[in-house]
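Okay, structure first, notes after.
The values are calculated or read from the model by the stated rules, or taken from the named source; none is laboratory data. Just so you know, these numbers come straight off a predicted model, no measurement behind them. So basically every Cβ, Gly included, is an ideal-geometry build from the backbone, and we count neighbours across all protein chains shown.
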Amino acid sequence: MADKRNKIDSVDLEGKNKTVYVVEPSPRDSRDAQMAYNRIFRDALESGAILRQKLDSVMQEQGIWNETKQEEYERVVTGLNDKEKQLSKGGIKLSEAEKIAKDMRGLRTEFQLLIAERQSMDSMTAEGQADNHRFNFLAARCIRNEENKPLFETVDEYEENGDHPMLWRRQDSLQKQCMALIRTLTEIFQKMIFC
């Protein structure tokens with residue numbers, strides 16, 4: 001609920017120490033954020049944004065993603081999965097485990113490089129634009145001052161100031177809370193489906 005606060009110590013625009021809080025979105029915040037998502041999604045579609053499911057074909061048509069990159073992606077994912085299984089299985093020497101972990105670090109770097117282009121293109125999709133707006137909407141509502149009042153009066157005000165270093169830790173904290181909430185809701189829905 002909205003009464004749980006996560007304290008964040010930061011610095012304001014003048015370099016003064018400042019304490020703010022990130023609160024969990026209330027049910028009303030979540031509902032309003034979904035409505036904001038829906039509006040931006042509709043607007044993005046009407047302005048010509050593509051859907052995520054079409055992103056792969058557009059990237060292939062424009063030469064951004066091709067069969068070679070897809071094969072490389074699959075190789076890296078398979079390699080990561082295999083090495084993770086080796087580690088979790090256990091029963092290996094420490095030196096071998098260290099080598100596997102080092103190999104995994106290299107594969108993760110390759111993976112990040114491969115998907116960087118795909119992820120940057122996601123913001124051009126209708127869903128990507130709507131997801132970004134929903135996050136900004138929740139950030140504007142959930143980042144609070146010491147009196148528990150929103151630090152930003154509007155989403156626009158948050159977006160105008162959202163790239164300030166003072167906000168990075170707050171955004172990270174909110175993003176972690178949002179992801180935890182999404183995982184919890186997903187688990188609840190899955191249980192409801194299989195009951």
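For this structure, a couple of remarks:
- Top-ranked residue in the stretch 83-128 [being small (Gly, Ala, Ser) and surrounded by fewer than 11 Cβ atoms within 10 Å (Cβ to Cβ); ranked as nearest to the chain's Cα centre (by Cα)]: 116
- Where helices (runs of 4 or more DSSP H) fall entirely within the stretch 1-103, those with at least 3 residues that are in contact (Cβ under 8 Å) with a residue 40 or more places away in the chain and among the small types (Gly, Ala, Ser) are at 27-46.
- Residue check, residue 73 of a type in the set (Phe, Trp, Tyr) and not assigned by TED's automatic domain parsing to the domain that holds residue 4: yes
- Scanning the stretch 44-73 for residues that are of a type in the set (D, E, K, R) and more than 22 Å from the chain's Cα centre (by Cα) yields a count of 6.
- Every residue from the stretch 49-87 that is farther than 22 Å from residue 110 by Cα and of a type in the set (Gly, Ala, Ser): 49, 57
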